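Written out below as structure tokens is the structure these notes cover.
The values are calculated or read from the model by the stated rules, or taken from the named source; none is laboratory data. Everything quoted here is computed from the prediction, not taken from an experiment. Every residue, glycine as well, gets a Cβ built from its backbone with ideal geometry; the counts of neighbours run over all protein chains shown. Keep in mind that these areas ignore ligands, DNA and RNA; they rest on the heavy atoms of the full protein, side chains included. Shrake-Rupley method; radii C 1.70, N 1.55, O 1.52, S 1.80 Å.
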Amino acid sequence: METRGLDPVPDGERTGRVRTLFPTWVAANMAVLLLTMGAGLIVFSALSFWQVLVVAAAAPVLSYGMVGLISIAGKHGGAPGMALSRAVFGQRGNLAPGALIWVARWGWETINAVTGTYAVLAVLDLLFGVRSTPALIMATLTAFVAAGFLLSGLGARALLVCSAWSACLFGGFSILVLAYLAGATPWQDVLDRPAGPSSMMIAGIGTLAAGGISWAPTGPDFTRYLPRTASGRAIVAATVGGAGIVFLPMVLMGAVMAVGTPGLAVTRDPVSFIGALLPDWISVPYLLVAVIGMVLINAMSMYSAGFTAQTLGFRVPRAWAVGTNAAISLFLGTLLMMVANSFIDLFISFLNLLAVTFSAWIGVFGMDQLRGRAYDPVALLDTTPASAYWYTGGFSWPAVAAWAAGLVVGLLFTGVQWFAGPLAATWAGRNGLGWAVTIVVSGGLYAALPRPGSRRGATALHI
């Protein structure tokens with residue numbers, strides 16, 4: 001069980017290997033909702049198979065390329081992402097983006113917990129004919145959240161081991177599903193679909209990339225055990241490769257399924273719908289493995305959420321800090337399953353808002369890396385005015401101002417189910433690129449502003 005919190009990992013304990021990042025990011029993308037999003041590209045965006053292929057290949061390269069670049073900071077600073085963020089925003093200035101990212105994780109964990117619960121309920125129905133009841137839904141949701149909480153409490157090593165095994169299992173069953181679909185799909189209908197508008201391709205890339213972007217602050221959490229000599233290029237390649245090897249076939253599978261069954265794109269319960277499309281001897285083990293994957297996704301998110309809570313001042317062990325997230329996701333998951341009528345619409349709206357939230361931080365933190373950030377391990381943990389990262393009253397005002405400006409401007413270009421910014425009807429807004437505007441504004445403004453210097457020496461970061 002990992003007991004280390006925010007404190008940087010000493011060089012002597014950095015025995016990790018870059019290759020372990022590959023299954024980690026495979027596990028982070030073992031989400032059945034990728035099938036539904038692939039179906040949406042066919043049903044709502046009216047794209048052809050070849051256009052979906054381009055979208056499914058471009059989205060992980062774009063989003064997880066940024067995750068990989070941010071992850072490089074972990075091997076240099078040896079600390080979690082939101083702890084390293086203190087060097088950028090200041091000890092007090094980091095509280096604002098940290099709190100917003102922490103709250104955003106509640107939504108991500110809730111969406112994933114609900115999807116995992118649907119998967120368990122689908123398996124119970126397929127195997128035993130057990131129908132969902134409010135009591136069964138609550139029991140299943142509670143068990144799912146508890147499993148993620150317990151696994152996250154074990155720490156990085158347990159997550160890496162579980163990710164490696166689940167990646168192999170999920171990969172094997174995905175190949176089986178692909179083989180079945182290859183024989184059962186009316187390929188002439190699939191390939192003869194006319195091409196859709198290019199704007200819908202751009203919007204599809206933007207929407208699919210939005211989910212991956214939310215992992216950026218988590219990246220350093222899994223690279224802080226790597227030696228300083230680890231290759232930055234290898235880190236990016238392992239991150240993009242692990243995500244892409246799952247992302248591409250899952251989105252394509254969803255698109256192929258939607259040609260014959262367009263209901264996949266609009267169903268309230270996407271998991272049981274998918275189970276009904278496949279024979280039981282494939283769907284049952286596939287959904288069981290998918291459940292394991294979704295537990296891992298929640299565990300990874302909770303693992304990082306524990307660090308984020310600690311950076312906000314919760315003076316408790318990381319494992320206990322995660323408990324707050326678990327309780328909140330259980331509460332919100334109950335509301336979503338019992339009350340919400342349109343799960344997919346909520347999910348897409350949430351992804352777009354989530355992307356803007358994380359992108360404001362990415363723009364500033366990423367630009368700070370490019371400007372040659374140096375990390376002082378002592379100053380990262382020193383939250384007093386004596387800290388090298390206290391700056392002016394605890395704030396790095398250029399970073400905080402750039403973050404806030406990027407966030408506000410990004411929201412102006414964002415339109416979702418319950419919110420529409422005044423610029424949502426522009427080209428960037430219509431194509432789901434509010435998060436891209438956020439990165440450009442926050443990163444560009446931070447680059448133009450002078451960066452305050454720290455008051456101690458530190459280890460420079462080189463990409």
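To the nearest 10, the accessible area of ASP280 is 80 Å² with a 1.4 Å probe.
Of the DSSP H helices in the chain, those that are both long (alpha-carbon extent of 20 Å or more along the helix axis) and hydrophobic (Kyte-Doolittle mean at least 0.0) are 49-77, 95-128, 134-154, 156-184, 198-213, 232-260, 280-311, 318-338, 343-370, 397-412, 434-448. Please find the FRET efficiency linking ALA404 to ALA139, where r is the Cβ-Cβ separation and R0 is fixed at 41 Å, and quote it to the nearest 0.05. E(calc), rounded to 0.05, equals 0.45.
The chymotrypsin sites (Phe, Trp or Tyr not before Pro) of the stretch 158-265 include none that meets both criteria, a DSSP state outside H, G, I, E and B (loop) and at most 11 other C-beta atoms within 10 angstrom of the site's C-beta.
Once backbone amide H atoms are built at 1.01 Å from N, VAL9 has ALA79 as its partners under 5 Å, excluding neighbours fewer than 5 places away on the same chain.
In a reduced charge model with +1 at each Lys and Arg Cβ and -1 at each Asp and Glu Cβ, the chain shows a dipole moment near 1180 debye about its Cα centre. Reported to the nearest whole Å, the Cα centre-to-centre distance from the stretch 1-80 to the stretch 187-254 is 7. Accessible surface computed residue by residue for the stretch 78-192, with neighbouring protein chains in place and a 1.4 Å probe, gives 39 Å² per residue. Counting only heavy atoms of the protein chains and using a 1.4 Å probe, ILE205 has close to 40 Å² of accessible surface. Ranking GLY410, VAL251, GLN91 by Cα position along the charge dipole of the chain, where only Lys, Arg, Asp and Glu carry charges on their C-beta atoms, puts GLN91 farthest toward the positive end. Look at the dipole of the chain built from charges on Cβ: of ALA164, PRO194, THR311, the Cα furthest out on the positive end belongs to THR311. Computed in the context of the full set of protein chains, the accessible area of the chain at 1.4 Å probe radius has 71% of its extent on carbon or sulfur.
Across the options LEU53, PHE358, THR392, the greatest Cα extent toward the positive end of the charge dipole of the chain (unit charges at beta carbon of Lys, Arg, Asp, Glu) belongs to THR392. Close amide H partners of ALA374, meaning residues 5 or more places away or on another chain with modelled amide H under 5 Å apart, are LEU461. The chymotrypsin sites (Phe, Trp or Tyr not before Pro) of the stretch 374-420 that DSSP puts in a loop, and whose beta carbon has at most 14 other beta carbons within 10 Å, are TRP418, PHE419. Take every Cα pair under 8 Å whose residues are at least 6 apart in sequence, average their separation, divide by the length of the chain, and the relative contact order is 31 percent.
Relative contact order for the stretch 53-184: what is it in percent, counting Cα pairs under 8 Å that are at least 6 residues apart? The value is 11 percent. Shown here for the stretch 45-135: trypsin sites (Lys or Arg not before Pro) in loop regions (DSSP other than H, G, I, E, B) with at most 12 other Cβ atoms within 10 Å, namely ARG131.
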